[in-house]
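For reference, the structure discussed in these notes is given below.
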Amino acid sequence: MMNLHQSLIQLSKRYVHSIMHPTAGIIVIGDEILKAQVRDTNSYYISNLLYKCGIQVKKISVISDDVEEISKEIQDASKKYTYVITSGGIGPTHDDLTYEGLAKAFNDELHYHPKLVDIIKNHFEISDDSSPVYKMAQIPQKASLKFGLNTYPYITLENVHVFPGSPAFLKKSFQSLYEDLLKTNKKFVKEEVFIDAREDLFANSLSTVAKEFPNVSFGSYPVNNCRYFKAFVTVESDNNDDVKKAKQRFYELNPTNIFVNFDRTPQIDCIKKYNNFLQNCSNPSIYEQSLEKLRELYQNPERVSICIDGTIESSIVIHLAHICKTQLHFDDKLQVRFFKTKELPIEMEEFTKEMIDKYNLTMHTVETVTENKTDKKTTRSDLRSILLIGKVQGNGENKIDTNYNDMDNINQLIIDNPLDNWTKKDIWVFTSSLCIPYNFAA
């Protein structure tokens, strides 16, 4: 297995050096990241958008709140990469030292930028000059402000772009730079091949096609806990024809039965995909009945929320509701409720975030203690609504967990199950046909 990856890395080096894409280094600044007090999601978000701009991220570093270390890392990255993106360390507290480190990296001095002072004083209405917030207006003299569509700008000095550490503020601010970078003519072309086989069974063919197409980069990634496929291969270049030919050659070198048709974006063109599914399934009425029920409930979308728990059934209800929303053309986001225990597995947290992003959901968290079932409160107790859950048994009978009944009394929710007539077979046919995401461990 390791030999396969090593050979692919060596072959990919010719590809990387041949097309001369812009490069980037990402610097995540903060002791809270290094101490695992806060999870870094910014570098993933930034890398994803930079890739769409045709920019190769060459390095991601996580460093502490130390002026010397910040200065050295910025100085080194600035010389190596086309763009340097920093995240964190620009707030009002004593350990927010990014601006100071940035100034030191370029032999500059800090000053209070008059525009930033004006924003803090007038927009944020902080008139006390001694407020720690004014530290955020103290930036290197050579730095410039980039506003985009935001009230508060991000800071640029030479090829270094400085963003806040808070994911919510970073995402909003980074969009301005992202839109500028999108104008580059260098875009990656990437396709994925999904395989229901172990890596060792297609390793030789992958090595062969990598040698035959030196201007194409290949990656092989095994996947655990997935019923759809066991691995996927990426085929990547800046030339669409090369990607198509390399992909076709890889197909030719392997048995056809190992390949899986998988859709990473089932939410896109969902009505068309759903109608195609109905035309090819043996029992379309069971699915249409559930969707019709949802259409009736979503005549008042503000009253409806869905229990999201990572199960297949939960994901199906969300997907059906997404189809319903698309059909009815209402603007409200689908609302979901997440019943959170004190011990939340990382996989469940990540899956929940994936579903929120994929389906553009609004989530309301309900804190629960499962041991005594007494400490239950919702962050939106004013939201009196219908709670949709998905529960079926093997024989197709409706099964509603007693926990939900308890919550009905406490939170004044009406519980409804759109899947009350589904069997386990119906569940898997629908899920596998439309590639519905779910948390395998749920």
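Residue by residue, the stretch 274-286 carries 3J(HN,Hα) couplings of 5, 5, 4, 5, 4, 5, 10, 9, 7, 9, x, 5, 4 Hz when phi is fed to the Karplus relation 6.51 cos²θ - 1.76 cosθ + 1.60 (θ = phi - 60°); x denotes Gly or Pro. Between Val189 and Ser237, Asp238, Asn239, the built amide H atoms are under 5 Å apart, and every one of these is 5 or more places off in sequence or on another chain. In terms of its C-alpha gyration tensor, the stretch 251-360 has an oblate overall shape, because the principal axis ratio a/c (a ≥ b ≥ c, square roots of the eigenvalues) is not below 1.5 and a/b does not outweigh b/c. Centre-to-centre, using Cα atoms only, the stretch 213-267 and the stretch 50-120 are separated by 37 Å. Surface composition of the stretch 208-336: carbon and sulfur make up 44 percent of the accessible area, probe 1.4 Å. For the stretch 283-346, the square roots a ≥ b ≥ c of the C-alpha gyration tensor eigenvalues yield an a/c of 1.5 or more together with a/b not exceeding b/c, which makes the shape oblate. Size descriptor for the stretch 97-178, Kirkwood hydrodynamic radius: 13.2 Å (Cα pairs only, one decimal).
Given R₀ = 51 Å, what would the calculated FRET efficiency be for Lys80 paired with His329, taking r from the Cβ atoms and rounding to 0.05?
FRET efficiency, Lys80 to His329: 0.55.
Based on the Stokes-Einstein relation at 20 °C and a viscosity of 1.002 mPa s, and on the Kirkwood radius from alpha carbon pairs, the stretch 53-147 is assigned a translational diffusion coefficient of 148 µm²/s.
At an R0 of 56 angstrom, the distance between the Cβ atoms of His123 and Leu278 translates into a FRET efficiency of 0.60. Label separation (Tyr45 vs Lys115): 2.3 nm, computed from points 7 Å beyond Cα along the C-beta direction. For the stretch 116-214, GluC sites (Glu not before Pro) meeting the loop criterion (DSSP other than H, G, I, E, B) and having at most 16 other Cβ atoms within 10 Å: Glu125, Glu158.
If R0 is 30 Å, what FRET efficiency do you get for Leu201 and Glu354 from their C-beta distance, rounded to 0.05?
0.55
Given charges of +1 on the Cβ of Lys and Arg and -1 on the Cβ of Asp and Glu, with all other atoms neutral, how large is the dipole of the stretch 99-147 about its Cα centre, in debye to the nearest 20?
220
A simple spin-label model places the labels of Lys244 and Thr156 3.6 nm from each other, with each point 7 Å out along Cα-to-Cβ.
The values are calculated or read from the model by the stated rules, or taken from the named source; none is laboratory data. These numbers were taken from a predicted model, which means no experiment stands behind them. A quick note on method: Cβ atoms are made from the backbone with ideal geometry, for glycine too, and the neighbour counts reach across all protein chains shown. In case anyone asks, the SASA skips ligands and DNA or RNA and just uses the protein heavy atoms, side chains included. Shrake-Rupley method; radii C 1.70, N 1.55, O 1.52, S 1.80 Å.
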